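The values are calculated or read from the model by the stated rules, or taken from the named source; none is laboratory data. For clarity, every value in this text was computed on a predicted model and none was experimentally measured. Because the Cβ atoms are built from the backbone with ideal geometry, glycine has one as well, and the counts that use them run over all protein chains shown. Surface areas here come from the heavy atoms of the whole protein model, side chains and all, with no ligands, DNA or RNA. Shrake-Rupley method; radii C 1.70, N 1.55, O 1.52, S 1.80 Å.
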Amino acid sequence: MWTKFIKPVFDRLFSLVLLILLSPILLVVFILIRVFLGKPAVFKQPRAGFHGRVFMLYKFRTMTDAKGVDGKLLPDKDRLTDFGKFLRATSLDELPQLFNILKGDMSFVGPRPLLAEYLPLYNEEQARRHQVKPGITGWAQVNGRNAISWEEKFKLDCWYVDHQSFTIDSKIFWLTLLKVIRKEGVNQQGQATMEKFNGSN
């Protein structure tokens, strides 16, 4: 009942309410990004969603477009500014995904939507993460976020697929708030961001 009927309605109504309430913050962050990082302030990227369907995910930009002498973008660690790190640590960069939820592409809780280019790399078990809508936060995010390996993350995602419920979603929601407050698991150890997934061995 919760997953099929109540949750989709709750997601869209609550995302609309939050967009209205948080509109001043969204506007301020938008302006600050334009000032410190340039444009566009909103970053769009193809991600894999429910049943592997590709959609455009919205996030606030956190990196510059700095390039090396060869004309190629510098590594993430060289383009991620202190302001960008602040946006990531506070999860303010995730706020535009409220529009994704309102559109029906995402849910508040579910496996994080990953790059569309990863779709051919999943094994059969890992691909099960697409049996539910992706979320702004999920079971993997409250159990390590970016500080755990891809394999651990996929196991947690599949666990959620098999155990999702109102109780689990509520637990994830409140644990997420604690993670954000404590700024835990923002980066993978030794990485400015999460390392790229290249498939399982």
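Evaluated at q = 0.19, 0.23, 0.24 Å⁻¹, the base-10 log of the normalised Debye intensity for region 1-102, with identical point scatterers placed on the Cα atoms, takes the values -1.02, -1.25, -1.29. How large, in percent, is the carbon and sulfur part of the accessible surface of region 58-123 at a probe radius of 1.4 Å? The C+S portion of the solvent-accessible surface of region 58-123 is 60 percent. Taking θ as phi - 60° and the Karplus parameters 6.51, -1.76 and 1.60, the scalar couplings of region 79-95 work out to 9, 8, 7, 4, 5, x, 4, 5, 4, 6, 5, 8, 6, 5, 5, 8, 4 Hz in sequence order, x denoting glycine and proline. Dividing the mean sequence gap of close Cα pairs (under 8 Å, 6+ apart) by how many residues the chain holds gives a relative contact order of 21 percent.
Per residue, how big is the convex hull of the chain when only Cα atoms are used? Give it in Å³.
On the way: hull volume 25.5 nm³, N = 201.
Enclosed volume per residue, from the Cα hull, is 127 Å³.
What is the pair-distance distribution P(r) of region 57-125, computed from all Cα-Cα distances in 5 Å bins starting at 0, with each bin given as a whole percent? The distribution over region 57-125 is 3, 14, 16, 18, 19, 17, 10, 3, 1, given as percents.
Within the chain, the longest segment free of exposed loop sites, counting GluC sites (Glu not before Pro) that fall outside DSSP classes H, G, I, E and B and have at most 16 other Cβ atoms within 10 Å, spans 1-123.
Based on protein heavy atoms only, the chain ends up with 56 Å² per residue of surface accessible to a 1.4 Å probe. When Rg and the Kirkwood radius Rh are both evaluated on Cα atoms of region 2-44, their ratio Rg/Rh stands at 1.21.
The dipole here belongs to region 1-146: it is taken about the Cα centre, uses +1 on the Cβ of Lys and Arg and -1 on the Cβ of Asp and Glu, and is about 220 debye. Are any of the pairs Lys59/Lys155; Lys85/Lys153; Lys133/Lys179 more than 32 Å apart by Cα-Cα distance, and if so, which? Exceeds cut-off: none, every pair is within range.
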